[in-house]
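*Asks:* Quick one: the structure is below, and I'll ask about it shortly.
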Amino acid sequence: MKRASYSNKNIIIDILSKSFDTNQSVNYIVKQDDKRQERIRYLMDYSFEVCYLFGEVYLSDDNKACALILYPDKKKTTLESVILDAKLIFNCIGIADIGKAMDREAKIKKLKPKERMYYLWFIGVDPKYQGSGIGTDLMQSLIEESEKQQRPIFLETSTLRNLPWYKKFGFETYNELVLSYKLYFLKRKLAKHKI
């Protein structure tokens, strides 16, 4: 795993847009019209920018998988973040769905604990290479990084078939949210270090 540079942005947007094309949670937020795929790309662009500012962006060594990590305790409201949010509304969510998106985010925020975390916003593998172990290797590297930083990993998923994969890494479901789909809240506690 390597820290992505800004020049890797298009590779990361490509991987995530393909990986999350049919994701229920993504498609709940993205305006469903003839520009849906373009809007998903914009969501991934936005997510990259936010994590580049307030977290980490990682690529697998072969550039076939990526992860966006956010440190919520470091996220600040800046002119740049406000502009990013405004562009997200206009280019991805749509004016008519602002209320739906804000309501969803408020519900998610209420269920997330208020602690220092290693928030895994997105992890994706180019669909052509899924099932080859690239995602497993990337997740193992993310776990090692979270342990070094002493930050437990938190994430949400709407993909039921991914739950066993997360559980094999020690993730536990700590909450669920029912929207027009079910969103699972997962946490991986830090390993207990021997004294």
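The values are calculated or read from the model by the stated rules, or taken from the named source; none is laboratory data. Owing to the predicted nature of the structure, the values given are computational and were not obtained by experimental measurement. Here the Cβ is made from the backbone with ideal geometry for all residues, glycine too, and neighbour counts use every protein chain on show. Note: areas computed on protein heavy atoms with side chains; ligands, DNA, RNA excluded. Shrake-Rupley method; radii C 1.70, N 1.55, O 1.52, S 1.80 Å.
*Asks:* Treat every Asp and Glu Cβ in region 1-42 as -1 and every Lys and Arg Cβ as +1, leave all other atoms uncharged, and give the resulting dipole magnitude about the Cα centre to the nearest 20 debye.
*Replies:* In total the dipole reaches around 220 debye.
*Asks:* Sequence-distant or interchain residues sharing an amide H contact under 5 Å with Asn175, placed H: which?
*Replies:* Phe185
*Asks:* Would you rank Ser180, Ser17 by solvent-accessible area, highest first, keeping every protein chain in place and using a 1.4 Å probe?
*Replies:* If we order Ser180, Ser17 from most to least accessible, we get Ser180, Ser17.
*Asks:* For a quick check of understanding: with a 1.4 angstrom probe and all protein chains in place, what accessible area in square angstrom does Val30 have, to the nearest ten?
*Replies:* 0
*Asks:* Turning to a different aspect of this structure: Compute the relative contact order of region 40-155 as a whole-number percentage, counting only Cα pairs closer than 8 Å that sit 6 or more residues apart in sequence.
*Replies:* Across region 40-155, relative contact order equals 30 percent.
*Asks:* Among the GluC sites (Glu not before Pro) within region 36-138, which fall in a DSSP loop and have no more than 13 other Cβ atoms within 10 Å of their own Cβ?
*Replies:* Answer in residue order: Glu115.
*Asks:* First compute the accessible area of the chain with a 1.4 Å probe, then give the percent of it belonging to carbon and sulfur atoms.
*Replies:* 52
*Asks:* Kindly report the accessible area of region 1-144 per residue (heavy atoms of protein chains, probe 1.4 Å, no ligands, DNA or RNA), in Å².
*Replies:* Roughly 52 Å² per residue, with all protein chains present.
*Asks:* Further question: Mean separation of Cα pairs under 8 Å and 6+ residues apart, divided by the residue count of region 1-52: what relative contact order is that in percent?
*Replies:* It comes to 41 percent, rounded to a whole number.
*Asks:* By accessible area of protein heavy atoms, probe 1.4 Å, what ranking do Thr157, Thr77 get, highest first?
*Replies:* Thr77, Thr157
*Asks:* Could you sort Met102, Met139 by accessible area so the largest value comes first, with the probe set to 1.4 Å?
*Replies:* Met102, Met139
*Asks:* Which pairs, out of Lys31/Lys128; Lys112/Lys189; Lys74/Lys110; Lys168/Lys189; Lys107/Lys192, put more than 21 Å between their alpha-carbon atoms?
*Replies:* Check vs 21 Å cut-off fails for Lys31/Lys128; Lys107/Lys192.
*Asks:* Counting other Cβ atoms within 10 Å of each Cβ, which trypsin sites (Lys or Arg not before Pro) in region 68-158 have at most 14 and sit in a DSSP loop?
*Replies:* Lys76, Lys114, Arg116
*Asks:* Per the Debye formula with a single identical scatterer at each Cα and no solvent contribution, what log10 I(q)/I(0) holds for region 97-195 at q = 0.10, 0.17 Å⁻¹?
*Replies:* At q = 0.10, 0.17 Å⁻¹ the computed log10 ratios are -0.31, -0.86.
*Asks:* Calculate log10 I(q)/I(0) of the chain for q = 0.10, 0.11, 0.18 Å⁻¹, where I(q) comes from the Debye formula with a single equal point scatterer on each Cα and nothing for solvent.
*Replies:* Those come out to -0.39, -0.48, -1.46, one per q.
*Asks:* Evaluate the distance, in nm, between pseudo-label points positioned 7 Å from the Cα of Val82 and of Glu105 along their respective Cα→Cβ axes.
*Replies:* For the pair Val82/Glu105, the computed spacing is 1.4 nm.
*Asks:* Over the chain, what is the relative contact order in percent, taking alpha-carbon pairs closer than 8 angstrom and at least six residues apart?
*Replies:* 22
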